[in-house]
Amino acid sequence: MNIGIFTDTYFPQISGVASSIATLEKELSARGHRVYIFTSTDKAADPEQEEGKVFRFSSLAVGFVPERRLAYAGIRRATKLMKELNIEIVHTHTEFTMGCLGKHLAHKCKLPHIHTYHTMYEDYVHYIARGKLLSPKMVGRLTKWFCRGADAVIAPTEKVKTYLRRYKVSEPIYVIPTGVSVKQFKRSEASLVDVLALRKKLAINESDKVIISIGRMAEEKNMEALLYAIKSLESELDHVKTMMVGDGPVRKSLEALAVSLGISEHVRFTGAVEWNQIHHYYHLGDLFVSASTTEAQGLTYIEAMASGCIVVAKSDPSIKRIVLDGTTGFVFKEDEDLGPLLRRLLHSSHLSKVRKAAKKQIQPLTAEAFGAKVEQTYFELAKNKKIENSSPKLRQAILYRKEQSL
């Protein structure tokens with residue numbers, strides 16, 4: 001099957017959406033499909049590496065989210081590419097310009113259109129005129145408008161599905177969590193060598209306990225809660241290091257907060273890390289901590305669990321089936337509860353059962369399972385469309401799948 005993925009963000013940009021798309025592309029390709037990425041321009045992208053697979057369209061930076069870009073031209077070129085590449089299904093991963101382009105082309109070419117809803121936009125309205133221009137109610141209306149006419153919508157969690165139904169999205173919704181490449185995040189002898197070198201580079205002593213925070217540094221991620229919790233561990237900080245991995249609009253204010261709290265020598269701000277190196281930072285950690293409640297799925301929690309990190313997370317519906325308090329990780333309800341919880345866990349020597357249970361809990365969330373479920377959805381949608389509109393190869397695949405299910 002020839003699949004067209006439309007997205008505003010893709011590697012080398014670092015985000016949960018970009019990594020989700022990269023995982024899907026890899027798994028679908030491994031299953032024999034041809035996947036083409038339609039996305040916005042990025043100066044850091046390597047044209048030679050992307051040639052024939054990634055097609056970039058002229059774009060402008062978004063003022064309220066500087067690291068995101070919105071395409072502003074290319075409908076004729078995209079239409080031509082759709083025909084040349086014989087695209088048979090359109091999968092959009094954004095509600096903005098590239099998503100609108102994909103939706104338009106799917107309708108124009110009478111192709112199945114599937115949309116993945118990645119972002120809980122209600123938690124981001126403060127970026128636009130400090131929340132005075134765009135309200136949560138308007139987010140719901142815009143979401144309903146975009147999803148209208150899609151053959152199906154993918155929600156990564158039940159939490160997202162609940163929001164979509166609240167927005168009165170009536171299209172079929174499939175809950176398909178993004179999978180994680182367990183092999184990439186599994187600790188090994190080879191990764192141990194790299195981790196030891198990284199510990200030396202970051203001046204982490206052999207006896208130090210390491211707390212890891214990985215993610216976009218933005219207001220809604222509530223990363224300051226971790227810094228206040230670290231401050232409460234003051235008497236033990238000589239043997240505790242905290243790694244703040246990532247970048248974003250509030251990084252400077254977080255660094256300033258660490259200085260004002262007097263903990264800057266115990267906290268390292270590493271900046272953004274390349275995706276193919278991120279597992280080394282998870283492997284550094286004893287505890288992975290997040291105080292965010294704005295996640296659509298929380299891929300970092302799954303990656304941490306696959307890496308053998310103990311997850312400490314703020315209570316939220318998006319993770320209630322993954323992080324089971326005291327069993328596969330630890331959950332706190334209020335920010336002020338985080339410090340005492342960290343102190344208890346840093347002194348605990350009975351966490352091996354939690355690590356083992358966590359790895360078992362995420363087995364259904366592998367990259368392979370993710371690819372298989374999305375592929376199954378594609379075939380189901382193609383079957384529900386008029387088969388005569390499909391290519392001979394696609395018709396044959398649909399009929400084969402139907403025979404296999406009998």
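The values are calculated or read from the model by the stated rules, or taken from the named source; none is laboratory data. Here the structure is a predicted model, which is why all the values come from computation and not from measurement. Here Cβ is always computed from backbone atoms with ideal geometry, including for glycine, and neighbour counts include all displayed protein chains. Accessible surface areas use protein heavy atoms only, side chains included; no ligands, DNA or RNA. Shrake-Rupley method; radii C 1.70, N 1.55, O 1.52, S 1.80 Å.
Before moving on, here are some points about what is shown:
- Of all aspartates and glutamates in the structure, those lying under 15 Å Cα to Cα from residue 314, and not within fewer than 8 positions of it along the same chain, are 220, 224, 295, 325, 334, 335, 336, 337.
- Over all other residues within a Cβ to Cβ distance under 14 Å of residue 350, the charged ones net out to +3, with Lys and Arg as +1 and Asp and Glu as -1.
- Filter on 26/80; 201/356; 161/356; 137/168; 161/373; 161/186 - keep pairs with C-alpha separation over 20 Å: 26/80; 201/356; 161/356; 161/186
- C-alpha center-to-center spacing [segment 1-79, segment 174-232] in angstrom: 26
- Accessible-area value, residue 238, 1.4 Å probe, nucleic acids and ligands omitted, Å²: 110
- With Cα atoms, 0 to 90° folded angle of helix 251-260 axis to the chain main axis: 10
- Where only alpha carbons of the chain are counted, the Rg and the Dmax (Å): 22.0, 71
- Peptides ranked, highest mean first, by Cβ atoms within 10 Å: ranges 326-334, 376-384: 376-384, 326-334
- Full extension of the chain between residue 77 and residue 31 yields a length gain of 13.7 nm, computed as 0.36 nm times the residue separation minus the alpha carbon distance.
- Over all orientations, segment 203-285 has a Cα convex hull whose mean projected area works out to 5.2 square nanometres.
- Relative protection proxy for 142-154, 213-225, 184-196, from highest mean packing down: 213-225, 142-154, 184-196 (other beta-carbon atoms within 10 angstrom).
- Computed over protein heavy atoms with a 1.4 Å probe, the carbon and sulfur contribution to the accessible area of the chain reaches 53%.
- Proximal charge balance of residue 315 [Cβ under 14 Å; K/R count +1, D/E count -1]: -2
- Beta bridges per DSSP with both ends in the chain, % antiparallel, nearest 5: 10
- Segment 271-355: mean projected area of Cα convex hull, nm²: 5.8
- Cα-based reach from residue 53 at 18 Å (exclusive), listing aspartates and glutamates while leaving out same-chain residues under 8 positions away: 8, 25, 27, 42, 84, 88
- Surface analysis of segment 11-92 yields an accessible area of 51 Å² per residue, using protein heavy atoms and a 1.4 Å probe.
- Taking the longest Cα principal axis of the chain as reference, the axis of helix 97-108 is set at about 30 degrees.
- Proximal aspartates and glutamates relative to residue 241, as straight alpha-carbon distance under 12 Å, when same-chain residues fewer than 8 apart are discounted: 206, 208, 265, 286
- Taken as Cα centroids, segment 332-368 and segment 81-111 sit 41 Å apart, rounded to the nearest whole angstrom.
- For segment 148-156, 3J(HN,Hα) computed residue by residue from phi via the Karplus equation (6.51, -1.76, 1.60; θ = phi - 60°) reads 4, x, 5, 6, 6, 10, 9, 10, x Hz, glycine and proline entered as x.
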